[in-house]
Amino acid sequence: MRSWKRVSRLAGFVAVALSVVVSNAAAAGKKVIIDTDPGTDDAMAIMLALNSPELDVRGITVVPGNVTARQGLDNALKMISLANRCDIPVAAGAQHPIFQKSVTAEYWHGKNGLANIELPPSKCKVDPRFGPDLIIEMVRANPHEITLLPIGPLTNIALALQKDPSIVPLVKEVIIMGGSISGGNSTGAAEANIFGDPEAAQIVFQAGWPLTMAGLEVGDKTLFSKAYLDRLGQTHGPVNDFIYKVAKFLVDQSAQFGSDGSPMYDPTAIGTAIDATIMTTVAMHVDVETRGEFTRGETVANRHNMNERNVLRHFDDGDRYVIEGLDKLNPNVKVCTDIDSKKFLEMFVTRIAGK
């Protein structure tokens with residue numbers, strides 16, 4: 001009888017232990033790699049990710065875009081240090097786009113890319129691996145578990161694909177900040193991250209993995225206004241105070257151009273990874289224009305997922321193409337077309353406040 005009670009107690013302890021293990025595993029968060037060109041809104045996005053329990057940031061890779069690759073790496077290391085997360089590997093990636101020269105945006109982000117805010121020297125060390133290699137290695141070590149979060153030009157992701165195409169089915173999903181189906185912000189057609197490396201973007205868009213595009217449609221609807229800035233200014237902490245200064249720079253800059261707030265471009269992509277329900281998405285076939293004189297870098301979305309089939313025919317009065325039917329296209333992107341902006345902004349302010 002006593003031995004039976006001991007066995008029962010032991011079984012109970014095992015059940016409790018197993019439940020704790022399962023609970024901890026569930027609470028571990030989605031494994032993500034952030035590919036970034038820091039960047040003021042990149043800074044806001046990275047700090048949101050680091051302060052969201054739904055995400056387990058496994059690595060940060062740096063790409064040129066808002067600033068040079070060297071400046072971006074320095075910025076990433078300083079921010080990770082500020083957040084006391086030297087456990088996260090930070091790796092340098094490509095030094096320039098695949099087929100063009102870099103286009104940097106200090107005009108919008110300040111001379112150092114971080115709103116001219118000088119952060120303390122980093123306590124963290126750069127990871128010796130090449131960024132695309134780090135991506136490949138982590139995806140292979142965690143099959144079907146890694147979400148890629150590119151919030152800059154897509155050069156590093158394309159290089160990883162070119163080096164090891166077999167990672168495609170091993171990646172859980174890709175959520176990018178980039179693109180637009182309604183006009184650009186770098187040109188009339190192109191959004192800045194896609195414009196930064198159109199060839200890389202086309203490689204990534206056509207890879208065949210689950211891809212979500214959080215572009216200008218949702219970023220432009222999600223304005224960080226003075227009211228949210230004032231709320232963030234009521235709390236303090238190293239991250240809180242840094243992001244307040246970044247946000248103030250952006251809010252003041254937006255006011256000069258007649259806007260009521262700063263678009264939350266990169267942070268909304270992170271928000272999608274945290275809580276996909278904030279987004280409305282539509283499955284579309286999307287290609288990236290790489291040759292157009294006025295449209296290079298445009299993300300061309302086929303809203304109907306079909307094209308007319310034109311066949312060349314010979315007639316007595318001459319040859320011409322004749323429409324003979326429709327060819328269906330398989331959607332390759334979930335395009336974010338709308339966002340619960342209030343829910344996202346509340347999430348952002350709540351998670352940064354006091355950190």
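Here, each number is a calculation from the coordinates, and none is a lab measurement. Not measured: the values here are computed from a predicted model. Here the Cβ positions follow ideal geometry from the backbone for every residue, glycine too, while neighbour counts run over all protein chains shown.
Overview of values
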read-out	value
Mean projection area, nm², convex hull over Cα of region 147-283	9.5 nm²
Using alpha-carbon coordinates, inclination of helix 341-352 to the longest axis of the chain, degrees	40 degrees
Ranking of Glu137, Glu293 by count of other Cβ atoms within 10 Å, fewest first	Glu293, Glu137
Additional length obtainable on full extension of the chain from Asp241 to Asn142, 0.36 nm per residue less Cα span	32.1 nm
Residue list for region 263-297, given a label point 7 angstrom along the Cα-to-Cβ vector of Asn330 and an amide N cut-off under 20 Å	282-288
Diffusion constant of region 105-222 at 10 °C, which comes from Stokes-Einstein with the Kirkwood Cα-pair radius and 1.306 mPa s, µm²/s	100 µm²/s
Difference of contour (0.36 nm per residue) and Cα-Cα distance, Asp260 to Ala227	10.9 nm
Cα lying deepest toward the dipole's positive end in the chain, options Ala83, Leu229, Gln95, charges on Cβ	Ala83
Given Lys125/Lys172; Lys111/Lys221; Lys248/Lys342; Lys226/Lys342; Lys78/Lys245, the pairs whose alpha carbons are separated by over 25 Å	Lys125/Lys172; Lys111/Lys221
Rounded tilt (10° steps) of 238-256 against the dominant C-alpha axis of the chain	30 degrees
Using alpha-carbon coordinates, inclination of helix 69-82 to the longest axis of the chain, degrees	30 degrees
Rh by Kirkwood over Cα pairs, then Stokes-Einstein D for region 92-143 at 0.890 mPa s and 25 °C, µm²/s	174 µm²/s
Calculated SAXS-style log₁₀ I(q)/I(0) at q = 0.08, 0.12 Å⁻¹ - the chain, Debye, Cα scatterers	-0.42, -0.84
Cut-off under 5 Å, modelled amide H: who pairs with Ile339 long-range	Thr280
Within a Gaussian network of the chain (alpha carbon springs, distance under 10 Å), most fluctuating of Lys226, Lys31, Lys328	Lys328
Dimensions (Å) - region 239-346, Cα atoms, principal axes, largest first	75, 32, 21
HN-Hα J in Hz across region 39-53 - Karplus 6.51, -1.76, 1.60, θ = phi - 60°, x for Gly and Pro	x, 5, 6, 4, 4, 5, 5, 5, 5, 5, 4, 5, 10, 10, x
Unit charges on C-beta of K, R, D, E only; dipole of region 29-352, Debye	840 debye
Exposure proxy ranking, count of Cβ atoms within 10 Å, fewest first, for Arg129, Arg303	Arg303, Arg129
Residue exposure sequence - His285, His144, His236 - by fewest surrounding Cβ within 10 Å	His144, His236, His285
